[in-house]
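What follows is a single structure, written as structure tokens, with notes after it.
FYI, it's all coordinate maths here, none of it is from the lab. Please read all numbers here as calculations on a predicted model, not as lab measurements. Heads up, the Cβs are rebuilt from the backbone with ideal geometry, glycines too, and the neighbour counts pull from every protein chain shown.
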Amino acid sequence: MTQTPKAADVVMVLTELADIIDARRQASPQSSYVAQLLHSGEDKILKKVIEEAGEVLMASKDGDRQHLIKEVADVWFHTMVLLTYHQIRVEDVLQELQQRQHISGLTEKASRKSQ
Ligand SMILES: N=c1c2ncn([C@@H]3O[C@H](COP(=O)(O)OP(=O)(O)OP(=O)(O)O)[C@@H](O)[C@H]3O)c2ncn1[C@@H]1O[C@H](COP(=O)(O)O)[C@@H](O)[C@H]1O
């Protein structure tokens, strides 16, 4: 049985997946789902992101926890393909989240209003 990753491993899982997705730029669409998506272009990738987000919504409304975990994984995966399409690294998103840590969303919102 696969063990739940420790917090320190989470970043590794995401960066290794990003590396695999990035390497698929050179792969043939016949041999790789990621290569198929990257070759199909932005609209196809965006369609998959929206489709998977809709499936997250349905799994949540059904209250099906295991299904929800799988659908969120699908959204994360497809948004990572989108990042690769735009040549953005997952580390950039992690850095953005890190910068937001300890800043309340309400405080951030209030600071925008006063600008
Ligand atoms: N994490 C994933 C991953 N999650 C989901 N999927 C695929 O995403 C697809 C979309 O799911 P759907 O239920 O919408 O399937 P579908 O209806 O057949 O999709 P469409 O025909 O509408 O495109 C499925 O084919 C899943 O297998 C993934 N495919 C690949 N990966 C990772 O990407 C790596 C590279 O994959 P390949 O490029 O295929 O080698 C793999 O080793 C994995 O680490």
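Name the residue that is nearest to the ligand (Cβ to nearest atom), counting only residues in the range 40-68 that are closer than 12 Å to TYR85 by Cα and of a type outside the set (S, T, N, Q). Before you say what the answer is, go through the steps one by one.
Going through the range 40-68, the residues closer than 12 Å to TYR85 by Cα turn out to be 40-46.
If we keep only those that are of a type outside the set (S, T, N, Q) too, we end up with 41-46.
Numbers: GLY41: 13, GLU42: 15, ASP43: 13, LYS44: 8, ILE45: 10, LEU46: 12 Å.
The selected residue is LYS44.
For the range 29-39, enumerate the residues that are loosely packed, with under 14 Cβ neighbours inside 10 Å and either within 10 Å of the ligand (Cβ to nearest atom) or assigned to a helix (DSSP H, G or I) (or both). Quick ask: steps written out before the conclusion?
Step one: of the range 29-39, the residues loosely packed, with under 14 Cβ neighbours inside 10 Å are 30-31, 33.
SER31, TYR33, listed by residue number.
Of all the residues that make up the range 70-84, how many are more than 16 Å from ILE21 (Cα to Cα) and either away from the ligand (no atom under 12 Å from the Cβ) or outside any helix (DSSP H, G or I) (or both)? Talk me through it step by step, then tell me what you get.
Quick first cut of the range 70-84, residues more than 16 Å from ILE21 (Cα to Cα) only: 70-72.
After this cut, where a residue has to be either away from the ligand (no atom under 12 Å from the Cβ) or outside any helix (DSSP H, G or I) (or both) as well, the list is none.
Summing the residues that are more than 16 Å from ILE21 (Cα to Cα) and either away from the ligand (no atom under 12 Å from the Cβ) or outside any helix (DSSP H, G or I) (or both) in the range 70-84 gives 0.
Only one residue in LEU82, LEU57, LEU38 is within 12 Å of the chain's Cα centre (by Cα) and not small (Gly, Ala, Ser), so which one is that? Before you say what the answer is, go through the steps one by one.
Numbers: LEU57 fails: within 12 Å of the chain's Cα centre (by Cα); LEU38 fails: within 12 Å of the chain's Cα centre (by Cα).
The conditions single out LEU82.
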